[in-house]
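Here the structure is laid out as structure tokens; the discussion comes afterwards.
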Amino acid sequence: MHPLAEKVLARDMRATARACRLVDDRAGDHAAILKDLFPHTGRAWILGVTGNPGAGKSTLTDRLIGVFRKQGRRVAVVAVDPTSPFTGGAILGDRIRMQAHFGDPDVFIRSLATRGALGGLSRSAADIARVLDAWGADVVLVETVGVGQDELEITRMAHTTLVVAAPGMGDEVQAIKAGILECADVFAVNKADRDGADAAVRDLELMIALGGEVAQASGRARGHSAAALHARAAGAAGAVDPSGGPPEGPWVPAITRTVATRNEGVAALVDRLEGHRAWLFGTEAGAARREERLREAMHVQLRDALTDAAVAALGPALEAAVRAVARREVDPYTASERLVEAFRTGAAAAAGGAVTPDDVV
């Protein structure tokens, strides 16, 4: 086993920080570390926290850390900040709101820059979460950059996705747009002491109901439906049923009001999140959801691996194709087809490890 992996499993904080750095930079033998750690992962609950910028994600994440620590759980946080497209730098300031936990040996906070990745996460976020899972975290909170309407990579990574909304950040038209419905397992209407909180809750309830009806009509329900909405009315969404187990059937997103700055509603929010976790790991529908998540994660892993391998093998042929397209000597579609074919047929090996420009232009 890799020496650094052994130290991570021994819960060495410094070694874990070094492992996270290597994985984030994709430097050295980071792949060997991840391979050695993988058999020791799978225990942590990956909880994604996303939503519009300014909704209070970092403050709410800080409050969630406090609740989980009072329960005796070890907590890790992966906080993702945007990278400047102009300078390439990132402030990495999300953890400023979590300073109260810096001295806690059972809390590990890691900031990441997106480094140009889209979807609200960095390319290494999932791997960093695995390192922290192996470190011994019971809960890994992953705070995204702040999503738009289709930046939903967090759903492929997290077991449970919390979407944080705030009053006054849109109207009912914004609320019913696609993307956010597919993303949320639990909604938190934060800053609920402000005017417009009731309207925000009402718009989300309408969105959930309309989304469920559309899913039923199309036969494409993805874990949320309006059919079970009335069965969990009056705040019962996510509650355990009288038989003692989580409710069967599609999951209906729960809505909770919070005021994170005053720590109001956070305990109720954790109850809703725990309800989703019980459904996810205790029902057949939840098992299907977890299998779908793993399938999507493997697709992403395979796509990244193929992209890296193809770029390395094609070498100067890729640059030649770019120049040929710029000169209008070939269209980008034909050039791409030729590059794929050259990579697929093993032209790289025949050319001594690289595809020649003549193969694609």
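Is at least one residue of region 255-263 open to solvent by 30 Å² or more (accessible area, probe 1.4 Å), within 27 Å of Arg123 (Cα to Cα) and either assigned to a helix (DSSP H, G or I) or out of contact with any Leu (no Cβ under 8 Å at 6 or more places or on another chain) (or both)? No: region 255-263 contains no residue that is open to solvent by 30 Å² or more (accessible area, probe 1.4 Å), within 27 Å of Arg123 (Cα to Cα) and either assigned to a helix (DSSP H, G or I) or out of contact with any Leu (no Cβ under 8 Å at 6 or more places or on another chain) (or both). The one condition from (1) under 23 Å from the mean Cα position of the chain (by Cα); (2) closer than 22 Å to Trp279 by Cα; (3) modelled with pLDDT under 90 that Ala209 does not meet is (1).
Applying the criterion of at least 3 residues that are closer than 30 Å to Asn190 by Cα to the helices (runs of 4 or more DSSP H) found wholly in region 1-72 leaves 57-70. Yes or no: Arg272 touching a residue at least 40 places away in the same chain (Cβ under 8 Å), surrounded by fewer than 20 Cβ atoms within 10 Å (Cβ to Cβ) and in a helix (DSSP H, G or I)? For Arg272, the condition - touching a residue at least 40 places away in the same chain (Cβ under 8 Å), surrounded by fewer than 20 Cβ atoms within 10 Å (Cβ to Cβ) and in a helix (DSSP H, G or I) - is not met.
The values are calculated or read from the model by the stated rules, or taken from the named source; none is laboratory data. All figures in this text were calculated on a predicted structure; none of them were measured in a lab. Heads up, the Cβs are rebuilt from the backbone with ideal geometry, glycines too, and the neighbour counts pull from every protein chain shown. Just so you know, the surface numbers come from the protein's heavy atoms only, side chains and all, with ligands and any DNA or RNA stripped out. Shrake-Rupley method; radii C 1.70, N 1.55, O 1.52, S 1.80 Å.
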